[in-house]
Amino acid sequence: MPEVSPTMQALVVLEPNHFEIQEVPTPTPGANEVLAHVRAVSICGTDVHLVRGDYPGFWPVSFPFIPGHEWAGEIVKLGPGAERYGWKLGDRVAGTSHDACGVCQKCVEGHYNLCENYGVEGLHRQYGHNYQGADATYVVHGIKCIFKLPDALSFEDGALIDPASIALHVANRGRVAPGDTVAITGGGAIGLLSGDAALARGAGRIIVCERNAARLAKAASLGFETVDTSDGDPVAVVRAMTGGLGADVVLECAGVPVAVQWALGMLRRGGRCAAVGIPTQGVEIPMQKLVLDELELVGCRASAGEMLRVMPLVEQGRIRIREVATHRFSLSEYGKALDTFNDPKSGAIKIVMVP
């Protein structure tokens with residue numbers, strides 16, 4: 001393996017909306033951790049909020065901060081104990097963000113994304129959120145949140161395994177059943193990948209609701225039905241498309257208040273909405289409809305065991321990550337990449353960067 005440099009390049013957010021590419025010390029892996037050379041990292045919508053400072057004091061806890069949590073690379077240094085679990089120098093890995101305590105009730109039950117020691121120093125880290133992330137030459141990760149990357153998948157593919165796992169988690173939380181009609185609010189990367197995940201669970205029909213023309217075109221090219229939310233009432237359109245009944249399941253992937261209201265309005269009686277988008281302001285919930293139609297509204301946080309389960313689906317082309325990777329930049333071009341991500345006219349869905 002090449003010698004690890006004592007310093008590395010990293011995207012450092014100094015304060016909200018102020019970031020620089022800086023030369024910083026290369027981190028050292030601790031017990032049951034590895035140091036990986038980051039070969040590809042993608043931009044998540046959460047990263048945009050972090051850079052803007054939309055979650056003050058929570059994500060991140062403080063500035064300066066290195067974001068980035070969707071990445072792939074190769075192990076270049078092992079922390080004490082990591083080799084006992086089979087990790088070796090040169091292993092190709094994909095990373096996810098939650099490094100949970102492993103001992104609280106939720107972790108023991110397998111819901112490590114809901115770790116009850118979240119954010120407690122020494123017990124829990126969420127890389128790229130409350131702990132330094134992967135927008136850098138190297139990153140340290142605990143062995144609980146790295147996964148071997150199949151030979152058939154490139155590093156750039158690997159940087160999209162985390163969002164693919166989240167999409168599968170959303171479909172799982174929606175309990176999509178064979179033959180279900182599934183509506184999706186939001187045609188970004190998670191929305192489109194959730195459509196594939198719903199198909200993998202047996203959905204009979206996917207309807208993507210989105211206003212961005214490029215994303216609507218992408219959804220149509222993937223074989224999904226589409227509804228332009230800028231052209232009339234999407235709830236009425238979805239109901240008309242389903243004979244007035246509504247969708248069996250709605251996957252809410254937009255994260256804006258009106259989309260949550262649309263999602264609940266589109267549901268068939270007894271339907272279930274799984275929401276992964278995080279609105280930054282309050283949402284009015286139609287409680288009368290929720291109660292009288294026995295609707296279900298459930299949240300979806302990251303993933304919980306889907307990283308390994310999603311990889312075969314990606315290898316088989318059933319979850320089409322390459323279809324949502326629309327742009328590629330170097331880490332030094334992060335400002336340009338962020339502008340492209342935020343520009344509705346750019347056609348950007350998923351942006352991959354190579355440090």
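The table below lists the values:
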| read-out | value |
| --- | --- |
| Answer residue from the stretch 18-45, given it is assigned to a loop (DSSP other than H, G, I, E, B) and touching a Gly at 6+ places or on another chain (Cβ under 7 Å) and is surrounded by the fewest Cβ atoms within 10 Å (Cβ to Cβ) among those | ALA31 |
| Options PRO150, PRO178; residue that is part of a loop (DSSP other than H, G, I, E, B) and either in the same structural domain as ALA247 (by TED's automatic domain parsing) or free of Cβ contacts under 8 Å to residues at least 12 places away in the same chain (or both) | PRO178 |
| Failed condition for ILE351, given (1) in contact with a helix residue (DSSP H, G or I) (Cβ under 6 Å, 6 or more places away or on another chain); (2) in a helix (DSSP H, G or I) | (2) |
| Neighbours by Cβ (under 9 Å, 6+ apart or cross-chain): first from the stretch 45-72, closer than 12 Å to PHE19 by Cα; second of a type in the set (A, V, I, L, M) and loosely packed, with under 14 Cβ neighbours inside 10 Å | PHE63/LEU14; PRO64/LEU14; PHE65/LEU14 |
| Residue ID - nearest to VAL324 (Cα to Cα), chosen from residues in the stretch 148-162 that are crowded, with 24+ Cβ neighbours inside 10 Å and of a type outside the set (Val, Ile, Thr) | LEU160 |
| Selection count, the stretch 3-21, where residues are of a type in the set (Gly, Ala, Ser) and either under 14 Å from GLU333 (Cα atoms) or within 22 Å of the chain's Cα centre (by Cα) (or both) | 1 |
| Subset of the stretch 211-228 that is surrounded by 14 or more Cβ atoms within 10 Å (Cβ to Cβ) and not aliphatic (A, V, I, L, M) - its residue that is nearest to ARG318 (Cα to Cα) | PHE224 |
| Options ALA254, ALA274, ALA259; residue that is in contact with a strand residue (DSSP E or B) (Cβ under 8 Å, 6 or more places away or on another chain), among the aliphatic types (A, V, I, L, M) and either outside the structural domain of GLY188 (by TED's automatic domain parsing) or in a loop (DSSP other than H, G, I, E, B) (or both) | ALA254 |
| Qualifying residue in the stretch 174-188 (condition: modelled with pLDDT of 95 or more and closer than 23 Å to LEU149 by Cα) | no |
| Any hit, the stretch 109-125, residues being closer than 19 Å to MET353 by Cβ and part of a loop (DSSP other than H, G, I, E, B) | no |
| Hits in the stretch 304-319 (condition: farther than 21 Å from LYS106 by Cβ and of a type in the set (Lys, Arg)) | ARG318 |
| Residue under evaluation GLN288, criteria (1) out of contact with any helix residue (DSSP H, G or I) (no Cβ under 6 Å at 6 or more places or on another chain); (2) surrounded by 14 or more Cβ atoms within 10 Å (Cβ to Cβ), criterion not met | (2) |
| Residue satisfying all of: in the stretch 163-187; surrounded by fewer than 24 Cβ atoms within 10 Å (Cβ to Cβ) and of a type in the set (Gly, Ala, Ser); farthest from the chain's Cα centre (by Cα) among these | GLY179 |
| Selection status of MET311, closer than 30 Å to ALA94 by Cβ and either surrounded by fewer than 23 Cβ atoms within 10 Å (Cβ to Cβ) or not assigned by TED's automatic domain parsing to the domain that holds ALA197 (or both) | yes |
| Hey, GLY347 out of contact with any strand residue (DSSP E or B) (no Cβ under 9 Å at 6 or more places or on another chain) and on the phi > 0 side of the Ramachandran plot or not | no |
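The values are calculated or read from the model by the stated rules, or taken from the named source; none is laboratory data. The shown structure was predicted, so the numbers you read here are calculated from the model rather than taken from an experiment. Reconstructed Cβ throughout: ideal geometry from the backbone, glycine too, with neighbour counts over all protein chains shown.
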